[in-house]
1. Check which residues have an amide H placed less than 5 Å from Arg172's amide H, if you skip close sequence neighbours.
2. For a quick check: sort Phe129, Phe253 by the number of other beta carbons within 10 angstrom, fewest at the front.
3. Neighbour counts of other C-beta atoms within 10 Å: give me Ser33, Ser163 arranged from fewest to most.
4. For the modelled label position 7 Å from the Cα of Asn283 along Cα-to-Cβ, which residues of the range 238-274 have backbone nitrogen atoms closer than 20 Å?
5. About its Cα centre, how strong a charge dipole does the range 33-86 have in debye, to the nearest 20, once Lys and Arg get +1 and Asp and Glu get -1 at the Cβ?
6. Among the helices of the chain (complete DSSP H runs), which have Cα atoms covering no less than 24 Å along the helix axis and a Kyte-Doolittle mean of at least -1.0?
7. Taking one equal scatterer on every alpha-carbon of the range 33-86, how large is log10 of I(q)/I(0) by Debye at q = 0.22, 0.24 1/Å?
8. What FRET efficiency comes out for Leu213 versus Glu75 if R0 is 41 angstrom and r is the Cβ-Cβ distance? Round to the nearest 0.05.
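Only the coordinates and a few stated rules stand behind these numbers; no lab work does. Because the structure is predicted, anything quoted here is derived from the model rather than measured. Here the Cβ positions follow ideal geometry from the backbone for every residue, glycine too, while neighbour counts run over all protein chains shown.
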Amino acid sequence: MKKTLVAFLVLFSLVLSTSLMAQQYSYNYKEMSMDEYKAELAKWQQREAEAKKGIAEQEACIQKQKEELARLEDEINSVQNEIYALLETDANGYTAYMDSLKALENELQAFVALAPEEIYTRKDELNNFKKRLEAAKKDKRSLTTEAQNKISAIENLIAQAESKAQPAAAGRYEVQRGDYLWKIAKRPDVYGDPYAWMRIYTANRDQIKDPNLIYPRQVFRIPTMPGPNEYWVEKGDYLSKIAGMANVYGNPFRWQKIYEANREIISDPNLIYPYMILVIPKN
């Protein structure tokens, strides 16, 4: 459509210029003498010769520009090849490297879009992203400005993911080699009280089957307040007392319902301990 419009405008200009020239150079040939006719013909022949000369000069100029452009392209290609050689790669290898950085960036963009809790629980993936980036940074192909800009964008995404996961990390603890529940509970950033190990144990009963056996890289919930349908045992509590509380069942004879729901941590219904977290089944 655009080419058609341009062609129309060119044609219109030619027609218009021809019309104007015809008006400007209109002659009454019947009244012209042969000498006058020859003089006018000579003028037009001179104009034609000048126009052809101008066209030839422009064509020569265009050809010269094409040759100069080709020379510059050769120089650019030569410099690029020298750069690739310094980077120990070639054009295809460099393109593949940049594609790998772009793929890593795309994966991280999707990862950052996850909920904070999910980012936190998928820390292994984030660590893998970091390893891939570190490997990419050691590659000589990373030395170009283009690659450095891409690496900077990736580092920014990793920082965003770590920052986004921080709220989810609060109230959690990842077990380190040499840890045990008493030691963890004693930490100032956990409970600062070794006897609170029972709270960690009962809050993570899905992971801890034996409180004497925990393993590195386990991630435990470190609650700071009771959750829905939970009761935190205090000194002097017993099951019937808890069941009789107005905010529990308001009926001490329903203690057995609490016992049945927590048998995995209560071996004797007459023995419960402070810091236990008990599940309170709904009515």
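1. Ile222
2. On the way: Phe129 18, Phe253 10.
In increasing order of surrounding Cβ atoms, one gets Phe253, Phe129.
3. Details: Ser33 8, Ser163 12.
Ascending Cβ contact count within 10 Å gives the list Ser33, Ser163.
4. 240-261
5. Working: 8 positive and 13 negative charges, 44 e Å.
Here the range 33-86 has a charge dipole of around 220 debye.
6. Working: long enough: 2-24 (33 Å, 1.21); 34-86 (77 Å, -1.03); 91-112 (32 Å, -0.09); 145-169 (36 Å, -0.39).
Both cut-offs are met by 2-24, 91-112, 145-169.
7. One equal scatterer on each Cα of the range 33-86 leads to -0.82, -0.87.
8. 0.05
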